[in-house]
Every structure is written in structure tokens, then in C-alpha cells.
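First the structure, in the form of C-alpha cells, and then the observations on it.
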């Protein structure tokens, strides 16, 4: 696979892990990275991200009953191949027993990556929550 494919897989893996309720796995993607929304402080490292995910994300029998759909992914790899950036859109859909299927939030990710020992990893994820709907069943605030 190419560097662009490896980076795209990381971006999509985040959504997969969140939707599966694998908060630890999602947080592990940021073991060497900063992570945060534009509305709050940036977190650094797996344990800090995991603590916030556990505090914020509401799970229903182990899953958040969401689908994070990531689109419009643009990946730029630098010439020497050790760093990259990406930007993408996300839309989160949710359905619960008392909430019909609907989009609950849409926004953008701005990501930076580093290639260390031949493996791509997140260096930074900045989350822009541009459009917010009914997040009461997804996030504790």
C-alpha cells in the first residue's frame, strides 16, 4: 500500500473503533499525538484521550449506536515521506430506542501524521464541529 492508503486507513480506523465502542482502541491511535476539538483544550497521549472519551461518549450495551461517516479525504504527503497532513469531513448518524436515525453532528478533521520506523501514526487531530444537532444521547456535556 502507498503512504496515502496507510494514512486513509488510520483516518477510517478511528471511526470504526468509535462506532464499535472500542474507546481504548480509538484512544490508542493518539498515543503520540495531540487530540482535541476547537472548542476545548488539546489532549496528549492515549491515557488523556481515553479518559475524556470514557467521560463523554454514552454507550448502549457497549456501543454508542453511531456511524461516523468520513468523506472528502484529502491527504498530502511531503517529499521526503516522513510527514503528511490530511483534511476530511465527518457526519455522525445515531439511532437509539428513543431517537430515530438522524445526523447528530457534522464537521471537519485536520490531521498531521509522522512516519516512524516505516509506520504512519497520528501527530495531531483537530476536530471542528461545524453543525450540531441532538447530541444528548451521544455525548455527556
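Tabulated data
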| read-out | value |
| --- | --- |
| Qualifying residue in region 118-138 (condition: more than 19 Å from residue 17 (Cβ to Cβ), at pLDDT 95 or above and touching a helix residue (DSSP H, G or I) at 6+ places or on another chain (Cβ under 9 Å)) | no |
| Residue that is free of Cβ contacts under 8 Å to residues at least 60 places away in the same chain, crowded, with 17+ Cβ neighbours inside 10 Å, assigned to a helix (DSSP H, G or I) and over 14 Å from the mean Cα position of the chain (by Cα), where the choices are 26, 48 | 48 |
| Search result, residues across region 109-141 that are in contact (Cβ under 8 Å) with a residue 60 or more places away in the chain and not in a strand (DSSP E or B) | 137, 138, 140, 141 |
| Per-region count, region 29-45, residues surrounded by fewer than 18 Cβ atoms within 10 Å (Cβ to Cβ) and touching a helix residue (DSSP H, G or I) at 6+ places or on another chain (Cβ under 8 Å) | 1 |
| Pick from region 74-97, criterion over 18 Å from residue 57 (Cβ atoms), surrounded by fewer than 17 Cβ atoms within 10 Å (Cβ to Cβ) and touching a residue at least 24 places away in the same chain (Cβ under 8 Å), ranking: nearest to the chain's Cα centre (by Cα) | 87 |
| Residue 111 vs. criteria under 14 Å from residue 11 (Cα atoms) and surrounded by fewer than 15 Cβ atoms within 10 Å (Cβ to Cβ) | no |
| Scope region 1-21; condition closer than 17 Å to residue 68 by Cα, surrounded by fewer than 16 Cβ atoms within 10 Å (Cβ to Cβ) and more than 11 Å from the chain's Cα centre (by Cα); matching residues | 9, 20 |
| Lone qualifier among 106, 55, 9, 31 - being free of Cβ contacts under 8 Å to residues at least 40 places away in the same chain and either assigned to a loop (DSSP other than H, G, I, E, B) or out of contact with any strand residue (DSSP E or B) (no Cβ under 7 Å at 6 or more places or on another chain) (or both) | 9 |
| Residue that is nearest to the chain's Cα centre (by Cα) [pool: residues in region 60-73 that are part of a strand (DSSP E or B) and loosely packed, with under 14 Cβ neighbours inside 10 Å] | 71 |
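The values are calculated or read from the model by the stated rules, or taken from the named source; none is laboratory data. What you are looking at is a predicted structure, and each value in this text was computed from that prediction instead of being measured. Glycine gets a Cβ as well: all are built from the backbone with ideal geometry, and neighbour counts include every protein chain shown.
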